[in-house]
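Working notes for the structure below.
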Amino acid sequence: MGLLRPEALDADELTYRIFGLGRDSTPWRVEDVVASGSFTRDAKRAELAWKLASRGYYAEQAGLVAAATLAVQTEDTALRFSLATAVSDEARHADAFYRYARAVGGEPEECQEMVEPLDEGLTALPYLGKALVHTMLEGFAADEFLLLREVFADDPLGRLYHHIRHDEVRHIAIGMNYLVRESRTPSGREAWHEHGEGWIETGLGLTGLAGVAKWLGALTGREPAAVHDWFLHRHRIRLRAVGIETAGGGDVT
């Protein structure tokens, strides 16, 4: 790991501003959120909440590892500093889900094997592909949290999703800002031309979108196909925002 000189930290105004949002953000307290209301009294919903929080603990830990790896491997000073704030956020998120799971149902479910493919999939990618897929996964998670916040609006878990999603949106901005800047370089354009479609396919595969849309559709009373299309629509908007157009529109079956 090389230490980076400070000249480039604030060279790009927008990039430095995004770092400042994380640097100056006021952390929310897990204790306050968990104690902000009564847990659901419905046994099935309580079990579901426990399972979701358990999986959230491992998923946020995977996000922490990904952000830390990207921070260590980059020579972009502002990106490294921004990713460091994301690492701190992900640790708070994982702890929040852990503490909620313990409060509502006891020790978290042993479900890390469900999340391990995310870590393995990211590890195999080169830096630009890793940054792209990590940003994609953050985007899909933020969208999923919108629906789960609605489902658990009467429970502290819904408020956890609200706070965590707020942080994740900033993480998406970090990734999108980097992708925009890197895509303007000759090496970035060449890498995208050669590998971009494959990286997007890898990211979509890691989301397990078909299964997610099915169970979220059942949970929210929506048609699974409509949920699936909603996720993909928002995904395409994010891709277009960084100048990425795909031949298939970023579809997944």
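The values are calculated or read from the model by the stated rules, or taken from the named source; none is laboratory data. In this text, all values refer to a predicted model and were calculated from it rather than measured experimentally. A quick note on method: Cβ atoms are made from the backbone with ideal geometry, for glycine too, and the neighbour counts reach across all protein chains shown. What goes into the accessible areas is simple: the full protein's heavy atoms, side chains included, and nothing from ligands, DNA or RNA. Shrake-Rupley method; radii C 1.70, N 1.55, O 1.52, S 1.80 Å.
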Could you list all residues from the range 179-200 that are over 13 Å from residue 126 (Cα atoms), acidic (Asp, Glu) and without any contact (Cβ under 8 Å) to a residue 24 or more places away in the chain?
190
Go through (1) free of Cβ contacts under 8 Å to residues at least 24 places away in the same chain; (2) touching a Phe, Trp or Tyr at 6+ places or on another chain (Cβ under 8 Å); (3) surrounded by fewer than 21 Cβ atoms within 10 Å (Cβ to Cβ) for residue 161 and report which single condition fails.
(3)
Please return the ranges of helices (runs of 4 or more DSSP H) entirely within the range 1-76 where 1 or more residues are in contact with a Pro (Cβ under 8 Å, 6 or more places away or on another chain) and at positive phi.
none
Output for the range 31-64, where each listed residue is open to solvent by less than 60 Å² (accessible area, probe 1.4 Å), under 22 Å from residue 110 (Cα atoms) and of a type in the set (A, V, I, L, M)
34, 46, 48, 49, 52, 53, 59, 62, 64
List every residue pair whose Cβ atoms sit under 7 Å apart, with the two residues 6 or more apart in sequence or on different chains, where the first one lies in the range 207-228 and is surrounded by 16 or more Cβ atoms within 10 Å (Cβ to Cβ) and the second, anywhere, is outside any helix (DSSP H, G or I).
209/252; 217/223
Just name the residue that is farthest from residue 19 (Cα to Cα) out of those in the range 184-206 that are hydroxyl-bearing (Ser, Thr, Tyr) and surrounded by fewer than 17 Cβ atoms within 10 Å (Cβ to Cβ).
187
Pairs where the first residue, in the range 82-105, is closer than 28 Å to residue 178 by Cα and modelled with pLDDT under 95 and the second is crowded, with 18+ Cβ neighbours inside 10 Å and charged (D, E, K, R), C-beta under 8 Å, 6+ apart
none
